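Colleague: First the structure, which I've put down as structure tokens, then a few questions once you've had a look.
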Amino acid sequence: MTIAVMTFRLHAEWVHSLKEKRMIVKSLIARLQNRFHVSAAEIDAQDVHQIVVLGVAAIVPHAAMASSLMDEISAFMGAATDAEILEETREIR
């Protein structure tokens, strides 16, 4: 059993309120969960309306599958939102 963990820090310059940010975050998390069957949540900067920090985790059978899944999630994040990806971290445990 292997755990794949990713963190994304996004900058959404067009967001002007926490309510608007919340709508974007909820939509993005739902699409990640539905498409990849992963756990996802906003993990930091909840009070900053233009920064989104998401954590994504999945349990997979082996490291090769974890790497492949993380590549797919990374590509999805680049295409799923207009927000600029400031930072992406990956960890396989």
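The values are calculated or read from the model by the stated rules, or taken from the named source; none is laboratory data. Treat the numbers as computed from the prediction; the structure is a model and nothing was measured. Quick reminder, even Gly has a Cβ in these numbers, built from the backbone with ideal geometry, and neighbours come from all protein chains shown. We work out accessible area using only protein heavy atoms, side chains counted, and drop any ligands, DNA or RNA first. Shrake-Rupley method; radii C 1.70, N 1.55, O 1.52, S 1.80 Å.
Colleague: Name the single residue, out of those in region 40-62 being of a type in the set (A, V, I, L, M) and touching an Asp or Glu at 6+ places or on another chain (Cβ under 9 Å), that is most open to solvent (accessible area, probe 1.4 Å).
Modeller: Looking at the filtered set, the residue picked out is Ile51.
Colleague: Has region 47-62 got any residue that is of a type in the set (Gly, Ala, Ser) and at pLDDT below 95? First the steps, then the outcome.
Modeller: Within region 47-62, the subset of a type in the set (Gly, Ala, Ser) is 55, 57-58.
Next, from what is left, pick out any that are at pLDDT below 95: none.
No, because not a single residue in region 47-62 is of a type in the set (Gly, Ala, Ser) and at pLDDT below 95.
Colleague: So, one more: Which of (1) part of a loop (DSSP other than H, G, I, E, B); (2) touching a residue at least 12 places away in the same chain (Cβ under 8 Å) is the odd one out, the single condition Val48 does not satisfy?
Modeller: Looking at each condition in turn, Val48 falls short on (2).
Colleague: Checking the conditions here, which among Asp82, Asp71 is without any contact (Cβ under 8 Å) to a residue 60 or more places away in the chain, surrounded by fewer than 16 Cβ atoms within 10 Å (Cβ to Cβ) and acidic (Asp, Glu)?
Modeller: Numbers: Asp82 fails: without any contact (Cβ under 8 Å) to a residue 60 or more places away in the chain.
So the residue among Asp82, Asp71 that is without any contact (Cβ under 8 Å) to a residue 60 or more places away in the chain, surrounded by fewer than 16 Cβ atoms within 10 Å (Cβ to Cβ) and acidic (Asp, Glu) is Asp71.
Colleague: Would it be correct to say that Ala58 is over 10 Å from the mean Cα position of the chain (by Cα), part of a strand (DSSP E or B) and among the aliphatic types (A, V, I, L, M)? First the steps, then the outcome.
Modeller: Values: over 10 Å from the mean Cα position of the chain (by Cα): yes; part of a strand (DSSP E or B): yes; among the aliphatic types (A, V, I, L, M): yes.
Taking the combined requirement at face value, the residue satisfies it.
Colleague: Does Met65 satisfy the criteria of being free of Cβ contacts under 8 Å to residues at least 12 places away in the same chain, part of a helix (DSSP H, G or I) and open to solvent by 70 Å² or more (accessible area, probe 1.4 Å)?
Modeller: Working: free of Cβ contacts under 8 Å to residues at least 12 places away in the same chain: no; part of a helix (DSSP H, G or I): yes; open to solvent by 70 Å² or more (accessible area, probe 1.4 Å): yes.
For Met65, the condition - free of Cβ contacts under 8 Å to residues at least 12 places away in the same chain, part of a helix (DSSP H, G or I) and open to solvent by 70 Å² or more (accessible area, probe 1.4 Å) - is not met.
Colleague: Now for a different question. Looking only at region 1-43, which residues are part of a helix (DSSP H, G or I) and of a type in the set (A, V, I, L, M, F, W, C)?
Modeller: Scanning region 1-43 gives Leu18, Met23, Ile24, Val25, Leu28, Ile29, Ala30, Leu32, Phe36.
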